[in-house]
Amino acid sequence: MSAVNLGIPPVPPPALAPRRATRKIMVGPVAVGGGAPVSVQSMTTTLTADINATLQQIAALATAGCQIVRVAVPSADDVEALPAIARKSPIPVIADIHFQPRYVFAAIDAGCAAVRVNPGNIKKFDDKVGEIARAAAAAGTPIRIGVNAGSLDRRLLDKYGKPTAEALVESALWECSLFEEHGFHDIKISVKHNDPVVMIRAYRQLAEQCDYPLHLGVTEAGPAFQGTVKSAVAFGALLAEGIGDTIRVSLSAPPVEEVKVGQAILESLGLRERGLEIVSCPSCGRAQVDVYTLAEQVTAALDGFPVPLRVAVMGCVVNGPGEAREADLGVASGNGKGQIFVKGEVIKTVPESQIVETLVEEALRLADSMGADLPADLRDLVPGPRVTVH
């Protein structure tokens with residue numbers, strides 16, 4: 001009897017479209033566009049004039065994996081703080097300028113890695129472009145043309161009636177053309193909107209009409225849950241099409257949370273090496289363990305683990321063993337016990353009360369066997385030879 005063709009291709013197709021070809025700019029040491037990995041950004045919430053507080057928050061963001069940070073510059077006091085912040089920051093600093101063209105020159109002089117300008121807010125911006133282009137070119141400072149739905153140029157609002165995708169794109173390309181007239185092309189663009197559908201349309205149109213690298217963002221995305229969903233939907237749609245070179249998740253939440261969400265989005269799309277990934281079932285009437293609590297306990301116990309691991313936390317014998325075998329490390333729970341899997345093999349069965357402790361031990365063994373450079377406090381915890389428990 002001949003085999004039935006199930007329509008499954010012999011080689012799985014790539015999950016994502018090829019990355020859009022763009023110019024490459026350098027934001028300090030971080031490459032953006034031109035095939036460089038998609039970078040994660042955030043923005044400080046401190047008063048920029050408070051140098052110590054701002055640097056402390058930047059350090060926390062860098063530790064969380066942020067690669068580029070933006071600081072608001074609405075006042076002269078903030079401008080005065082820029083040289084110290086730019087010099088001491090562990091990651092490139094972008095100065096965010098909205099209302100004063102002269103602050104753009106000050107940010108360039110301060111050594112900021114890039115400057116973001118919002119043409120809709122900066123009065124008399126157009127007749128300053130030549131000076132800005134010359135100063136930025138001399139310093140090797142990229143410019144981000146940052147168009148927001150909430151601050152679109154009045155001329156375009158009158159033309160389109162509201163901040164449509166077409167209005168955002170026209171604004172961005174018009175301002176880029178002003179820089180291009182002066183031979184300046186060290187530019188990246190953002191066209192942000194609070195509606196993911198409008199935002200996606202705008203970036204798609206922009207991607208077809210220019211080769212500048214694009215900074216993705218859903219502006220005013222909302223509180224953590226809503227903003228995460230909006231950003232994941234919008235970024236996922238665009239990045240899956242190869243559109244987007246750097247991202248910022250805008251949340252009404254501490255900026256470190258923005259970085260975590262941004263990294264998780266990239267990891268989910270295969271655009272960044274996965275860190276700790278917990279695969280856990282949603283629970284159902286078959287579950288013989290409190291999966292919610294167990295998954296939370298495992299996540300907390302392995303938080304910040306320095307080696308990429310996929311850990312399966314499963315609550316029954318239906319999907320549990322299969323999912324656990326596919327993970328680096330896993331547990332299939334039931335009847336007060338947990339079968340512990342390492343690289344697809346059952347290595348022991350332990351009481352439910354020892355599941356978390358055992359998973360941590362095995363994670364450390366895995367990391368040690370991979371030659372991971374564990375911090376001293378974790379290296380001291382690497383267990384000795386495995387003891388089998390049935």
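The values are calculated or read from the model by the stated rules, or taken from the named source; none is laboratory data. Quantities reported herein were computed from a predicted structural model and do not represent experimental measurements. We place every Cβ from the backbone using ideal geometry, glycine too, and count neighbours over all the protein chains shown. Only protein heavy atoms, including side chains, enter the accessible area calculation; ligands, DNA and RNA are left aside. Shrake-Rupley method; radii C 1.70, N 1.55, O 1.52, S 1.80 Å.
Just a few scattered comments:
- Scope segment 178-192; condition modelled with pLDDT of 95 or more and open to solvent by less than 50 Å² (accessible area, probe 1.4 Å); matching residues: 184, 186, 187, 188, 189, 190, 191
- Neighbours by Cβ (under 8 Å, 6+ apart or cross-chain): first from segment 287-306, under 10 Å from residue 276 (Cβ atoms) and hydrophobic (A, V, I, L, M, F, W, C); second part of a helix (DSSP H, G or I) and open to solvent by 30 Å² or more (accessible area, probe 1.4 Å): 298/356; 302/360
- Single residue of segment 31-49 satisfying the filter (over 10 Å from residue 66 (Cβ atoms) and within 12 Å of the chain's Cα centre (by Cα)) that is least open to solvent (accessible area, probe 1.4 Å): 38
- In the set (1) modelled with pLDDT of 95 or more; (2) touching a Ser or Thr at 6+ places or on another chain (Cβ under 6 Å); (3) of a type in the set (Asp, Glu), residue 109 fails one condition alone, (2).
- Whichever residue in segment 170-215 is of a type outside the set (Asp, Glu), assigned to a loop (DSSP other than H, G, I, E, B) and in contact (Cβ under 8 Å) with a residue 40 or more places away in the chain and, among such residues, is nearest to residue 235 (Cα to Cα): 194
- Test: residue 160 is over 23 Å from residue 203 (Cβ atoms) and among the aromatic types (Phe, Trp, Tyr): no
- Taken together, the residues in segment 338-365 that are of a type outside the set (A, V, I, L, M, F, W, C), crowded, with 20+ Cβ neighbours inside 10 Å and either touching a helix residue (DSSP H, G or I) at 6+ places or on another chain (Cβ under 8 Å) or farther than 18 Å from residue 299 by Cβ (or both) amount to 2.
- Given (1) at pLDDT 95 or above; (2) open to solvent by less than 20 Å² (accessible area, probe 1.4 Å), number of the condition residue 122 does not satisfy: (1)
- Look at segment 68-79: where a residue is assigned to a loop (DSSP other than H, G, I, E, B) and a partner is of a type in the set (Phe, Trp, Tyr) and crowded, with 23+ Cβ neighbours inside 10 Å, sitting 6+ places away or on another chain with Cβ atoms under 8 Å, you get 73/103.
- Some residue of segment 308-322 being over 28 Å from the mean Cα position of the chain (by Cα) and basic (Lys, Arg): no
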